[in-house]
Amino acid sequence: MAKFCNTDALDAMLNWVKNNSNILYLCSAEPATFLEASSTYMLASISIAGGDFTGPAFGDVSGRKITVGAKTDITVLFDGTVTHGALCDEGGEVLVYVDTCASEAVTAGNLVSTNAWDIETRDPT
C-alpha cells in the first residue's frame, strides 16, 4: 500500500525548524537535550536567523529540504572534536534539530567554519 504526505505538511515541518532555530551549537557528541547541546557537549556556537536558511525546496532525492547556510569565523570556546551540529531555540531552551558533521579537532581561541548542509524530508513511499 502506497503512502503519501502532502508537500505543504513537509514544508510546515521544515519551516518550523527554520523559524525556531536561533543558535547553532557545534558539539563533541550527539546531544539529546538543550542542556547537552548548549553546555555539556558544546565546543562553539553562533547565532543564526531565518536568512541563514534557504527553502523549503525540492529535495535532492525526494521530498523537501531546507539548507542551512555556511558559517565562518566561529570562535571555539573549548578544545575537542566537533562531531555534531545542533540547532536550538536559545530563548525557549529547545533542542530543535541535530545532525552529524565531518569530525574536526578544534582548539579554544581558534576559529572554525561550517559548510552549508541540508535538512531533508523524504516522501514516505
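Averaging the sequence gap over all C-alpha pairs within less than 8 Å and six or more residues apart, then dividing by the number of residues, gives region 7-120 a relative contact order of 31 percent. Computed from phi, the 3J(HN,Hα) profile of region 68-81 under the Karplus parametrisation 6.51, -1.76, 1.60 (θ = phi - 60°) reads 8, x, 4, 10, 10, 6, 8, 6, 7, 9, 9, 5, x, 10 Hz, with x in place of Gly and Pro.
Once the C-beta distance of ALA105 and ALA32 is scaled by a Förster radius of 22 Å, the resulting FRET efficiency is 0.40 to the nearest 0.05.
Might you report the magnitude of the Cβ-based charge dipole of region 22-74 about its Cα centre, with Lys and Arg at +1 and Asp and Glu at -1, to the nearest 20 debye? Rounded to the nearest 20 debye, it is 160 debye.
Counting every alpha-carbon pair across region 17-69, the share separated by more than 15 Å comes to 55%. Between the amide H of GLU90 and those of ASN22, ILE23, distances stay under 5 Å, these residues lying 5 or more places away or on another chain, with hydrogens modeled in the peptide plane. If only the Cβ of Lys and Arg carry +1 and only the Cβ of Asp and Glu carry -1, the dipole of the chain around its Cα centre is close to 240 debye. Note that region 47-55 has calculated 3J(HN,Hα) couplings of 5, 9, 9, x, x, 7, 10, 10, x Hz, one per residue in order, obtained from phi through the Karplus relation 6.51 cos²θ - 1.76 cosθ + 1.60 (θ = phi - 60°); glycine and proline are x.
Values of log10 I(q)/I(0) for region 1-111 across q = 0.13, 0.15, 0.21 Å⁻¹ run -0.52, -0.67, -1.11, by the Debye formula with one identical scatterer at each alpha carbon and no solvent.
Along the axis of the charge dipole computed for the chain (Cβ charges of +1 for Lys and Arg, -1 for Asp and Glu, origin at the Cα centre), the listed residues THR7, ASN22, SER38 are led at the positive end by THR7. Amide H to amide H distances under 5 Å link TYR97 with LEU87, where only residues 5 or more positions off or on other chains count and H is placed in the peptide plane. Return the loop-located trypsin sites (Lys or Arg not before Pro) in region 43-123 (DSSP other than H, G, I, E, B) with at most 16 other Cβ atoms within 10 Å of their own Cβ; answer none if there are none. Answer in residue order: ARG122. For ASP79, nonlocal amide neighbours, meaning residues 5 or more places apart or on other chains whose placed amide H falls under 5 Å from its own, are ALA108. Across region 112-117, coupling constants 3J(HN,Hα) worked out from phi with the 6.51/-1.76/1.60 Karplus curve, θ = phi - 60°, read 9, 10, 10, 7, 5, 8 Hz, and Gly and Pro carry x. Placing pseudo-labels 7 Å out from each Cα toward the beta carbon at SER39 and THR75 gives an inter-label distance of 2.1 nm. With kT/(6 pi eta Rh) evaluated at 4 °C and eta = 1.567 mPa s, and Rh the Kirkwood radius from Cα pairs, region 48-98 diffuses with a coefficient of 97 µm²/s according to Stokes-Einstein. Angle of helix 7-19 to the longest C-alpha principal axis of the chain, folded into 0 to 90 degrees and rounded to 10: 20°. Potential lengthening of the chain between ASP8 and ASP118 amounts to 37.8 nm, from the contour at 0.36 nm per residue minus the alpha-carbon distance.
Quick note: the coordinates plus some simple rules give every number you see, no bench work behind them. If you're wondering where the values come from, they're calculated on a predicted model, not measured in any experiment. A quick note on method: Cβ atoms are made from the backbone with ideal geometry, for glycine too, and the neighbour counts reach across all protein chains shown.
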